[in-house]
1. Looking at Gly356, Gly351, which one is open to solvent by less than 30 Å² (accessible area, probe 1.4 Å) and either over 20 Å from the mean Cα position of the chain (by Cα) or over 30 Å from Gln81 (Cα atoms) (or both)?
2. Read through the list (1) open to solvent by 10 Å² or more (accessible area, probe 1.4 Å); (2) under 28 Å from Ile199 (Cβ atoms), then give the number of the only condition that Lys323 fails.
3. Which residues, taken from region 263-283, are open to solvent by less than 60 Å² (accessible area, probe 1.4 Å) and over 21 Å from Met337 (Cα atoms)?
4. Can you run down the residue pairs with Cβ atoms below 9 Å, 6 or more apart or on separate chains, where the first is in region 343-358 and over 11 Å from Gly313 (Cβ atoms) and outside any loop (DSSP other than H, G, I, E, B) and the partner is modelled with pLDDT of 95 or more and open to solvent by 60 Å² or more (accessible area, probe 1.4 Å)?
5. Suppose the filter is surrounded by 14 or more Cβ atoms within 10 Å (Cβ to Cβ), touching a helix residue (DSSP H, G or I) at 6+ places or on another chain (Cβ under 6 Å), farther than 25 Å from Asp85 by Cβ and not β-branched (Val, Ile, Thr); does Phe241 pass it?
6. Test each condition in (1) over 17 Å from Ala119 (Cα atoms); (2) open to solvent by less than 40 Å² (accessible area, probe 1.4 Å); (3) not β-branched (Val, Ile, Thr) for Ala143 and report the one that comes out false.
7. Could you grab me the full set of residues in region 249-263 that are in contact with a strand residue (DSSP E or B) (Cβ under 9 Å, 6 or more places away or on another chain) and more than 14 Å from Ile199 (Cα to Cα)?
8. Could you identify the single residue in Leu344, Leu305 that is touching a helix residue (DSSP H, G or I) at 6+ places or on another chain (Cβ under 6 Å) and open to solvent by less than 10 Å² (accessible area, probe 1.4 Å)?
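The values are calculated or read from the model by the stated rules, or taken from the named source; none is laboratory data. Please read these numbers as outputs of a predicted model, since none were measured by experiment. Heads up, the Cβs are rebuilt from the backbone with ideal geometry, glycines too, and the neighbour counts pull from every protein chain shown. Just the protein is used for accessible areas: all its heavy atoms, side chains included, with ligands, DNA and RNA removed. Shrake-Rupley method; radii C 1.70, N 1.55, O 1.52, S 1.80 Å.
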Amino acid sequence: MGSQDARTNEQASVGGTGRRALLGAAMLGATGSVLGLPGTARAAEARHPGGGGLESLPVPTIIGHRGASGYRPEHTFGSYQLALDLGADIVEAGDLVPTKDGHLVCRHEPEIGGTTDVARHPEFADRRTTKVVDGVSYTGWFAEDFTLAELKTLRAVERIPDYRPHNTLYDGRWEIPTFEEVLKWQDEQTRRRGRQVWIYPETKHPTYFRKLGLGLEERVAKLLHRYGKDRKNSPVVLQSFEPTSIQRLNKLVDNPLVVLLSTASSRPWDFVETGDPRTVADLITRAGLREIAGYAQGIGPTLDLVIPKDDNGNLTTPTTLVKDAHAVGLILHPYTMRNENPFLPANFRKGTDADGYGDPFGAFRTYFATGIDGVFTDNADTGLLAREDFVNG
């Protein structure tokens, strides 16, 4: 997951060192559950009313954003596995983009120069090119120009090393996972851990890929059907920044569906392509939310839509989005909580080091108090401890 605004923010250059590379949870037991956290059972019992499906998850739900990407290169089995070990309720595995030969793989973006070692492969030097994706020009290497076999020769690297230098220790360790491998891994982990493992994949740039003849939704639906995971209570939540992608999926599968929402002034790219003048601000009106509730079960807004920031980056007064969404039956899973200073509201930062931790517990508590149903976080262990504090406080 990640809007263009979020990507721009993440790529901003901030100097400094001194990250506190601490895992906030205790060491892990054989089943992967987090030990030594008093009150865990009580927090896990704070659920939506009813049974099955999304309603069976703890609230607020802790969603491992691209796995445990605060500690491992994102969208790798190392990151996904650690997210489960740390206790994440759902793992965002993964952001789905297609290969040249039509396979779905897990990458944050189709441009893979920043998340793999492709630049160190001389045999692929001639694949470097410039493309326009959703109106933005990118130069690099693109997943859709590689076969799956070629992508499997690459290895993942840390995407934002300026903020996470410790994660570069794991550069080159893991390959790019396919969505089919993720579905098999999900079943294996469910058996091993004795609890249902949930995943939260996203269709990335679906309009862009459909124009290339690489439609995402049909490929996603085919795999979900093959593995028996295309039902209302299946442990697979599907998300997209393009409402029409969710509408298409709504006709193909019965999975829980979530519309992602970027900044209020932005327009979903499918709206741009079709001439729909509406912005995200229109979608989060009561009328817009009622429309979304007609084909989706939830929204994934940027945290700024829940609590805006002032010109200095400090949190202000919460909006009515939580109340308005709940009024039409939608759940809210906003994004993204991270421990490092540059990603926190200004009033929760400590020092100026780009890789230094601020006060994420204070930020989590403030967001939880709005009534959100869950949150995407790069640091699932921190999120779980924050939930314990909130539920038991």
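1. Residue meeting the stated conditions: Gly356.
2. Answer for Lys323: the failing condition is (2).
3. Pro268, Asp270, Phe271, Val272, Gly275, Asp276, Thr279, Ala281, Leu283 - these are the residues of region 263-283 that are open to solvent by less than 60 Å² (accessible area, probe 1.4 Å) and over 21 Å from Met337 (Cα atoms).
4. Tyr357/Lys350
5. No: the conditions fail for Phe241.
6. (1)
7. Hits for region 249-263 are Leu249, Asn250, Val253, Val259, Leu260, Leu261, Ser262, Thr263.
8. Only one candidate qualifies: Leu344.
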